[in-house]
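Below is one structure, written out as structure tokens, with a few remarks after it.
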């Protein structure tokens with residue numbers, strides 16, 4: 001049988017390395033991998049792609065991403081390109097002026113390092129938009145910036161108490177200063193106009209185009225449900241899957257409502273059944289255990305330090321009861337759910353691993369493939385537990401570098417010992433842990449090649465900075481594997497993530513072979529072609 005698609009003049013990255021130069025695809029699967037002998041499968045209707053020395057490899061998979069919110073932000077007040085306070089405020093003012101019809105100004109993506117202490121004030125927004133409420137989450141979506149109109153609309157004042165799962169930042173006089181952390185975001189976020197079905201679908205498809213252009217063929221949506229302004233993408237996924245416009249393969253992580261307990265599990269079972277169609281499967285559950293280090297809400301075993309280096313009373317925020325978590329996870333595991341943990345601080349990481357261990361003890365071995373995302377601070381005693389428990393380390397490599405948010409808002413408050421425990425990719429890999437990788441987009445860039453660059457170099461692309469904990473670097477092959485086979489494992493897509501005969505033809509062609517160049521040049525690599533099931537979903541020359 002003649003092939004439908006033939007790639008020639010490799011290199012081709014196989015599980016054994018760059019050991020092939022040609023690949024044949026028939027229908028949606030790879031039918032041959034090898035060298036000149038594969039050319040015999042070419043027929044009169046075979047499409048031949050001359051790699052001409054460019055690398056062919058498995059399609060990238062993002063193991064932790066939020067495409068629909070990212071797509072919505074791209075269509076609203078998108079602040080991801082602003083680097084200073086002045087640029088950020090100017091972008092808000094320009095967007096508001098261009099959209100006088102909007103009742104609320106929404107969007108987000110501002111950088112904490114653009115503002116003193118990472119907390120911009122309401123007065124800055126009041127000057128830019130005095131006539132309408134403004135609600136803008138920051139780039140990590142664990143805090144939001146609001147103006148006085150928004151605070152008034154929500155009834156937030158000096159005497160408003162902090163919610164149990166969040167904080168209203170206040171000025172020296174005790175008045176709300178204009179930023180809301182964690183659960184306090186919802187005090188205003190719940191008042192913002194929700195996107196309609198058409199806008200949500202358009203946002204999802206906008207995001208999918210962006211991800212395909214970066215070589216991403218599958219992903220795990222890390223939040224399928226309603227949470228603090230990140231609107232539920234489930235119906236958009238179903239609409240796209242039913243219409244055939246969902247070209248990626250997607251696993252949805254159903255949101256665990258942290259204000260409820262085990263009584264929600266039957267509802268999750270129902271949602272899993274209802275939200276499975278075509279290329280979309282909602283088979284994972286997202287358990288958010290803590291916040292982020294920059295705001296002092298990541299859960300730590302020992303207290304944060306103050307600016308003078310003295311211990312405070314703050315150990316961060318735990319969103320779920322540590323005593324109940326193992327019971328939840330054991331029950332979810334018994335029902336065949338994968339558990340996808342947000343675990344950023346060392347106390348959250350240990351709690352997640354304890355819960356996985358409890359599930360293993362209660363249910364025995366299973367193929368639910370739990371994974372822990374973010375892993376900013378991991379106590380050295382917990383590193384070997386990943387391999388022992390079969391828990392995948394789901395890393396976001398772009399964060400493992402020196403930049404203002406790390407150097408000014410994190411390291412001083414962790415202290416030197418804990419700061420050295422951050423993003424221990426090399427230690428995890430050396431202990432036998434399986435690595436998967438993701439971006440957390442729109443928190444950071446969804447470009448896998450940027451993430452691979454940082455995983456290998458521990459320096460941001462183009463940055464003039466020392467390597468961040470260089471002993472935690474990993475090799476290029478290991479970094480690529482995390483974004484391909486590792487994430488495919490997490491997504492239970494076992495017939496993807498590797499170039500081998502019989503696998504689904506989810507493939508990407510780069511514009512060069514990064515293995516042939518210096519590590520410092522990895523980020524210069526671009527995607528030329530992306531295929532899902534043998535169908536081309538992106539071509540750089542047509543973009």
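Odds and ends about this structure:
- What separates the Cα centres of region 211-239 and region 449-515 is a distance of 21 Å.
- Summarising the label geometry, the points placed 7 Å from Cα in the beta-carbon direction at residue 52 and residue 243 lie 3.6 nm from one another.
- DSSP beta bridges confined to the chain are antiparallel in about 50 percent of cases.
- Per residue, the average separation of C-alpha pairs within less than 8 Å and at least 6 apart gives the chain a relative contact order of 17 percent.
- Each peptide in 484-491, 210-217 gets a packing score, the mean of other Cβ atoms within 10 Å over its residues, and the list from highest to lowest is 484-491, 210-217.
- The relative contact order of region 401-543, computed from alpha carbon pairs under 8 Å that lie at least 6 residues apart in sequence, is 20 percent.
- In the chain, helical runs assigned H by DSSP with n ≥ 4 each contribute -39500 (n - 2.57); averaged across all residues and rounded to the nearest 500, the mean residue ellipticity at 222 nm is -7500 deg cm²/dmol.
- Three-way shape label, region 104-189, alpha-carbon gyration tensor, a/c 1.5: rounded
- Relative packing of peptides 503-509, 245-251, 312-318 - highest average C-beta neighbours within 10 Å first: 503-509, 245-251, 312-318
- Taking the average, over residues, of other Cβ atoms within 10 Å as the packing measure, peptides 469-481, 336-348 rank 336-348, 469-481 from highest down.
- Principal-axis tilt of helix 234-243 within the chain, Cα atoms, nearest 10 degrees: 30
- Cα gyration tensor shape for region 244-310, rounded if a/c is under 1.5, else prolate or oblate: oblate
- In degrees, nearest ten, helix 325-334 long axis to first principal axis of the chain (Cα): 30
- Looking at region 283-490, the DSSP beta bridges with both ends there are about 10 percent antiparallel.
- Each 10 Å bin from zero up to the one holding the largest Cα-Cα distance in the chain carries the following percent of pairs: 4, 18, 28, 28, 16, 5, 1, 0.
- Compared with the dominant principal axis of the Cα atoms in the chain, helix 448-457 is inclined by about 80°.
- Once C-alpha pairs closer than 8 Å and six or more residues apart are averaged by separation and normalised to the residue number of region 271-430, the relative contact order reads 22 percent.
- Neighbour counting of Cβ atoms within 10 Å sorts the residues 263, 331, fewest neighbours leading, into 263, 331.
- Gyration tensor verdict on region 283-490 (Cα atoms; rounded if a/c is under 1.5, prolate if a/b is larger than b/c, oblate otherwise): oblate
- Alpha-carbon centroids, region 264-314 and region 31-80: separation in whole Å: 31
No value in this document is a laboratory result; all are computed from the given coordinates. Treat the numbers as computed from the prediction; the structure is a model and nothing was measured. No Cβ is skipped: glycine too gets one built from the backbone with ideal geometry, and neighbour counts run over all protein chains shown.
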